[in-house]
Each structure stands twice: as structure tokens, then as C-alpha cells.
Amino acid sequence: MSGTDVHAGEPIAAFGSTFQNPILLASGTAGFGRELADAVDLDALGGLITKSVSPEPRVGHPTPRVAEFAGGMLNAIGLANPGVEAVARQELPWLAANLARARVLVSVVGATVDDYVTVVRRLSDQPVVVAFELNLSCPNTARGGEHFGANDDVLRELVGRCREASARPVVAKLAPTLSDIGRTARIAVEAGADGITVVNTMPGLLFEDAASAGPDRWPARLGAGNGGVSGPMLLPIGVLATQRVREATAVPVIGVGGIRSVGDVAQYVRAGATLVAIGTAGLADPRLPERLAERWGRG
Ligand SMILES: Cc1cc2nc3c(=O)[nH]c(=O)nc-3n(C[C@H](O)[C@H](O)[C@H](O)COP(=O)(O)O)c2cc1C
């Protein structure tokens, strides 16, 4: 099956909107845009995906929350966010007032299916929201911490109920660890998903060097212990996931993982992505996504 054709220099129609280029900022790495506005021309981008929003504010995990290694980065932020009310009253109005061309997708997270529905319902009347991205890679407290994307029935219920709760498109963001990501994507689409984002981070763990601790007691490098791996090592994983989802469904795919160059963007487009998102590379170099958008636009 095929998605939207993407050609360098041409705008892209997706999710009932038009993106001036395929470059988005990935969820959790750009806050709500405002944090970056002094350093980045957000309106030069295709758009941004907000930090994941939960019904209540979340303080997140203890520090350190990020650790670098040769293949990229390990993070355990713990989905820190100000909660849906603050997002509705402060963050989305700021984005509406300050963006003219870049599109906004709101990432949604929760501990229960009801949490996701609550956030989607609360934010659906804000015209600046082009689509919701459902972050399915987080623990479902009703099922002992299993991820929402890992159980077919929970996935169907979650996507179906969010779809019903809003006139806006919903996009399911899947983890790279799913045993058959094409099959899971198909289930999400059958339940009403209008798009699929692949991939989220891979689970990982790193300890401090042995030299900095006793031989039997190496502390973990992150305050939370384990975390999610992002950055260059995800590139081939995300490109393959994109191809598998493209083959299994006809909806637009947002390709994410390890993008650092226009060549990396082209890898995802070749695999069938309609849009791409940049996370870790933009943390180190906030103007990189803007440069890629500009280079992509030149064709
Ligand atoms: C510091 C950090 C925070 C993140 N927070 C979120 C988040 O709140 N929600 C989400 O769906 N993904 C989150 N992600 C995952 C990214 O959106 C992206 O899927 C992943 O990092 C792979 O892309 P990259 O290799 O370009 O970073 C986070 C990633 C990082 C590095």
C-alpha cells in the first residue's frame, strides 16, 4: 500500500492540513515550542509534536534524566509535564498566537485509557491542534504496567475511544520492541487511527564506570535506573519499522529515530514516511531541524 507521495520542495497534505515541509520536532524534545522560540525559527519547520500531556501535572523522574553514550542517548524523563489544564490555558494559546505556518500535534499520555480520553476531549476545541499523537509506550496501571500498545484489546479500546472523543485525527505512536509492528499498526488503524508514528525509544540501561564505584555496586547512570535509548542507533530500526507499517497500512507514517541529516530524512521517505520527526539531534544542536527543513525545501 502507499501513503502520501513526498517530494523535496513540495508541501505535504496530511491529517486534514498542509505541512510546508516534512520536518517535525519529536515529542518530548521541544517542550511546547515556547522553550525554543528564542533559539529556533519554529515557523520554518513542518511543525512540532508537543511533550506528552497527561490529565494531571507530572513532576517526572529523579535526576540524572539523560546520559550520553557512543550510539546516542539514554533518557528517563518520566513524562514530566504541566497537565492538561495548563496546556489548554497557556501552552496551546501561545502556539496559536506565535505560529503561522508550522503545524502542531499534541502528544497524549496517561496511566489509564480514561486518562487519554480526558486529554483528547479537553484539547479538541483548540483550532491550533492538527492531530493528537497517542504515546502508547507507557505503563498501563490497570494491567500491571504493561504498555498500552502491547495488548491488542487495550490498543483497540484506547484508539477507538480517543477517535470518538474528537473530530481531530489521532496518530498512534508505537514502540520499536513490538514483535510484529505492522500487525499492531493495522489493529490501530482498524480501531480508527488516522496515522502511525514509529518509533519511540528502545528500553536500555547503563551503569557508571566501574572506576567510579565499588566492583559490586555500580550505580545506574540515570536516576530512574533504566530508560529509553534514542539517537543514531535508532536510525535503521526506525526505517525498517516505517517500511513495515507502510506495507501493512495506507495511513500517513511519521518516521522518527536517529535522524541527523537530509540523507537520514530521505531514508525514512524512501521507506514510506509522509513526515519525519527529529528528537535527540535537535537537543544537541537546536537549529539542525531548521537547516534540514531549509535544505529539503531546496530539493
Ligand atoms: C529527552 C527525551 C524526551 C522524550 N519524551 C517523549 C515524550 O514525552 N513522549 C513521546 O512520545 N516520546 C518522547 N521521546 C521520544 C522521542 O519523541 C523519539 O521518539 C525518540 O527520541 C527517537 O527519536 P530521536 O532518535 O530523533 O531522538 C523523548 C525522547 C527524548 C530523547
When you scan region 166-182, do you find a residue that is among the small types (Gly, Ala, Ser) and over 27 Å from Gly71 (Cα atoms), even just one? yes
Run down Gln126, Gln90 and say which single residue is of a type in the set (S, T, N, Q) and free of Cβ contacts under 8 Å to residues at least 12 places away in the same chain. Gln90
Need the failing condition index for Ala224 against (1) more than 12 Å from the ligand (Cβ to nearest atom); (2) aliphatic (A, V, I, L, M); (3) exposed (fewer than 14 other Cβ atoms within 10 Å of the Cβ), just the number. (3)
Going by the conditions given, is Leu79 within 16 Å of the ligand (Cβ to nearest atom), in contact with a Lys or Arg (Cβ under 9 Å, 6 or more places away or on another chain) and on the phi > 0 side of the Ramachandran plot? yes
Contact list, first residue from region 193-210 and under 17 Å from Asn226 (Cβ atoms), second anywhere and away from the ligand (no atom under 13 Å from the Cβ) and assigned to a strand (DSSP E or B), beta-carbon distance below 8 Å, six or more apart or interchain, is Leu205/Ala220; Leu205/Gly225; Leu206/Ala220; Phe207/Ala220; Glu208/Ala220
Has region 56-68 got at least one residue that is more than 10 Å from the ligand (Cβ to nearest atom), acidic (Asp, Glu) and assigned to a strand (DSSP E or B)? yes
So Ala76 ticks every box in (1) under 25 Å from Tyr116 (Cα atoms); (2) modelled with pLDDT of 95 or more but one. Which box is left unticked? (2)
Considering residues of region 203-214 that are over 34 Å from the mean Cα position of the chain (by Cα) and in a loop (DSSP other than H, G, I, E, B) only, the residue farthest from the ligand (Cβ to nearest atom): Gly214
Of all residues in region 3-29 being touching a Ser or Thr at 6+ places or on another chain (Cβ under 8 Å) and at pLDDT below 95, the one that is surrounded by the most Cβ atoms within 10 Å (Cβ to Cβ): Val6
Going residue by residue through region 34-50, is there one that turns out to be within 10 Å of the ligand (Cβ to nearest atom), surrounded by 14 or more Cβ atoms within 10 Å (Cβ to Cβ), closer than 23 Å to Gly231 by Cα and at pLDDT below 95? no
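In region 98-133, which residues are among the charged types (D, E, K, R) and farther than 21 Å from Phe19 by Cβ? Full working, then the answer.
Within region 98-133, the first condition is being among the charged types (D, E, K, R), and the residues that meet it are 101, 103, 114-115, 121-122, 125, 133.
Once the filter is applied, which keeps residues that are among the charged types (D, E, K, R) and farther than 21 Å from Phe19 by Cβ, region 98-133 yields Asp114, Asp115, Arg121, Arg122, Asp125.
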For region 181-203, name all the residues that are touching a Gly at 6+ places or on another chain (Cβ under 6 Å) and of a type outside the set (Val, Ile, Thr). Ala191, Gly192
Of Gly192, Gly231, the only residue that is modelled with pLDDT of 95 or more and closer than 25 Å to Leu288 by Cβ is Gly231
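The values are calculated or read from the model by the stated rules, or taken from the named source; none is laboratory data. As the structure is a prediction and not an experimental result, all values here were calculated from the model. For neighbour counting, all protein chains shown are included, and Cβ atoms are generated from backbone atoms with ideal geometry for every residue, glycine included.
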